[in-house]
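Q: Got a structure here, written out as structure tokens. Questions coming.
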Amino acid sequence: GAELARQFGQKGCRVVLFARREHRLLKIIASLPESKKPHLFYVCDVADFDAVQKCYLDLISQNVYPDILILNAGVSNGFSINDFSVKKIRELFDVNFWGALNFLEFFLPKMLESNSGQIVSIGSLAGLRGMPKAAPYSSSKAALEIFIESLRIDLVNTNIVCTHILP
């Protein structure tokens, strides 16, 4: 995420960042070249629907609507069949899958209204196959990939592009 922000900033784009840790956001923002309009950041847990909504409402109050939405949040907390916990799996899905959808709920309607934009989701090769000790992570990334693939089909007659990247 930080590297993407730097690359967009170097191309003169205004960057809006969301993350849980303010000190990391401040460090990234400080590393970006100035843009015509100031870069913005929000301390936000993407898994918290209400927090995402609050950030969205603040952005639209400033007439800021992203042209490109990069859904990059992801966590992996490891997995052991001897310590199976649905609670831990849900927490991982809350970030890796539902966190992306929280942003789509708010930002996709404006893209549809303007008939433009790009949605980029960052997946993982682990989403293509089950991986050892990674069942929750692999399945959360697979869910995101299939969701974005289906969304791409639903948006085929619009000028909104969906891209799913597997680093």
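The values are calculated or read from the model by the stated rules, or taken from the named source; none is laboratory data. All figures in this text were calculated on a predicted structure; none of them were measured in a lab. Note that we place each Cβ from the backbone using ideal geometry, even for glycine, and neighbour counts take in every protein chain shown. To get the accessible areas, we keep the full protein, side chains included, count just its heavy atoms, and leave off ligands, DNA and RNA. Shrake-Rupley method; radii C 1.70, N 1.55, O 1.52, S 1.80 Å.
Q: Counting just the residues of the stretch 2-30 that are open to solvent by less than 60 Å² (accessible area, probe 1.4 Å) and assigned to a loop (DSSP other than H, G, I, E, B), which one comes out farthest from Phe49 (Cα to Cα)? First the steps, then the outcome.
A: Start the filter on the stretch 2-30 by keeping residues that are open to solvent by less than 60 Å² (accessible area, probe 1.4 Å), which leaves 2, 5, 9, 12-13, 15-19, 25, 28-29.
Going one step further and asking which of them are assigned to a loop (DSSP other than H, G, I, E, B), we end up with 12-13, 15.
Numbers: Gly12: 30, Cys13: 27, Val15: 21 Å.
Looking at residues that are open to solvent by less than 60 Å² (accessible area, probe 1.4 Å) and assigned to a loop (DSSP other than H, G, I, E, B), I get Gly12.
Q: Oh, and also: Among the numbered criteria (1) under 14 Å from the mean Cα position of the chain (by Cα); (2) of a type in the set (Ser, Thr, Tyr); (3) under 30 Å from Asp83 (Cβ atoms), which one does Thr163 miss?
A: (3)
Q: Search the stretch 46-63 for residues being in a loop (DSSP other than H, G, I, E, B) and of a type in the set (A, V, I, L, M, F, W, C), and hand back the single one that is most open to solvent (accessible area, probe 1.4 Å). If you could, list the steps in order and put the result at the bottom.
A: Residues of the stretch 46-63 in a loop (DSSP other than H, G, I, E, B): 46-48, 62-63.
Imposing the further condition that a residue be of a type in the set (A, V, I, L, M, F, W, C) reduces the set to 46-47.
On the way: Val46: 20, Ala47: 36 Å².
Among those residues, the one meeting the criterion is Ala47.
Q: Here is a follow-up. Looking only at the stretch 128-167, which residues are in a helix (DSSP H, G or I) and either open to solvent by 90 Å² or more (accessible area, probe 1.4 Å) or modelled with pLDDT under 95 (or both)? Talk me through it step by step, then tell me what you get.
A: As a first pass, look at the stretch 128-167 and keep what is in a helix (DSSP H, G or I): 135-154.
Passing the criteria: Ile146, Arg152, Ile153, Asp154.
Q: Right, another one. Could you tell me which of the residues Ser31, Ser76 is touching a helix residue (DSSP H, G or I) at 6+ places or on another chain (Cβ under 7 Å) and over 27 Å from Glu145 (Cβ atoms)? Give the steps one after another, and end with the answer.
A: Details: Ser76 fails: over 27 Å from Glu145 (Cβ atoms).
So the residue among Ser31, Ser76 that is touching a helix residue (DSSP H, G or I) at 6+ places or on another chain (Cβ under 7 Å) and over 27 Å from Glu145 (Cβ atoms) is Ser31.
Q: Those residues that are assigned to a strand (DSSP E or B) and crowded, with 20+ Cβ neighbours inside 10 Å, I need them from the stretch 81-121; list them, please.
A: First, pick out the residues of the stretch 81-121 that are assigned to a strand (DSSP E or B): 117-121.
Gly117, Ile119, Ser121 - these are the residues of the stretch 81-121 that are assigned to a strand (DSSP E or B) and crowded, with 20+ Cβ neighbours inside 10 Å.
Q: For the stretch 64-80, does any single residue satisfy the condition of being out of contact with any Leu (no Cβ under 7 Å at 6 or more places or on another chain), loosely packed, with under 13 Cβ neighbours inside 10 Å and without any contact (Cβ under 8 Å) to a residue 40 or more places away in the chain?
A: no
Q: Among the listed residues Phe103, Phe49, Phe107, Phe41, identify the single one that is modelled with pLDDT of 95 or more, touching a helix residue (DSSP H, G or I) at 6+ places or on another chain (Cβ under 9 Å) and either more than 21 Å from Arg21 (Cβ to Cβ) or β-branched (Val, Ile, Thr) (or both). Quick ask: steps written out before the conclusion?
A: Details: Phe103 fails: either more than 21 Å from Arg21 (Cβ to Cβ) or β-branched (Val, Ile, Thr) (or both); Phe49 fails: either more than 21 Å from Arg21 (Cβ to Cβ) or β-branched (Val, Ile, Thr) (or both); Phe41 fails: either more than 21 Å from Arg21 (Cβ to Cβ) or β-branched (Val, Ile, Thr) (or both).
None of the other options fit; the residue is Phe107.
Q: Pairs, please: C-beta under 9 Å, at least 6 apart or cross-chain, first residue without any contact (Cβ under 8 Å) to a residue 24 or more places away in the chain and in the stretch 119-142, second surrounded by 18 or more Cβ atoms within 10 Å (Cβ to Cβ) and basic (Lys, Arg)?
A: Pairs that qualify, where the first residue is without any contact (Cβ under 8 Å) to a residue 24 or more places away in the chain and the partner is surrounded by 18 or more Cβ atoms within 10 Å (Cβ to Cβ) and basic (Lys, Arg), are Ala126/Lys141.
Q: For the stretch 21-42, give me each residue that is of a type outside the set (Ser, Thr, Tyr) and within 18 Å of Tyr65 (Cα to Cα). Explain how you work it out, then say what you get.
A: Residues of the stretch 21-42 that are of a type outside the set (Ser, Thr, Tyr), as a first pass: 21-30, 32-34, 36-41.
Passing the criteria: Lys36, Lys37, Pro38, His39, Leu40, Phe41.
Q: Yes or no: the stretch 1-20 includes at least one residue that is among the small types (Gly, Ala, Ser), under 16 Å from Ser121 (Cα atoms) and modelled with pLDDT under 95. Before the answer, list the steps.
A: Looking only at the stretch 1-20, we keep the residues that are among the small types (Gly, Ala, Ser), and these are 1-2, 5, 9, 12, 19.
Adding the requirement that they be under 16 Å from Ser121 (Cα atoms) leaves 1-2, 5, 19.
Imposing the further condition that a residue be modelled with pLDDT under 95 reduces the set to 1-2.
Yes, there is a match, as at least one residue in the stretch 1-20 is among the small types (Gly, Ala, Ser), under 16 Å from Ser121 (Cα atoms) and modelled with pLDDT under 95.
Q: Show the residue pairs that are 6+ apart or on different chains and have beta-carbon atoms under 7 Å apart, the first residue being within the stretch 96-112 and farther than 12 Å from Tyr65 by Cα, the second being open to solvent by 60 Å² or more (accessible area, probe 1.4 Å).
A: Final answer for the pair search is Asn102/Phe49.
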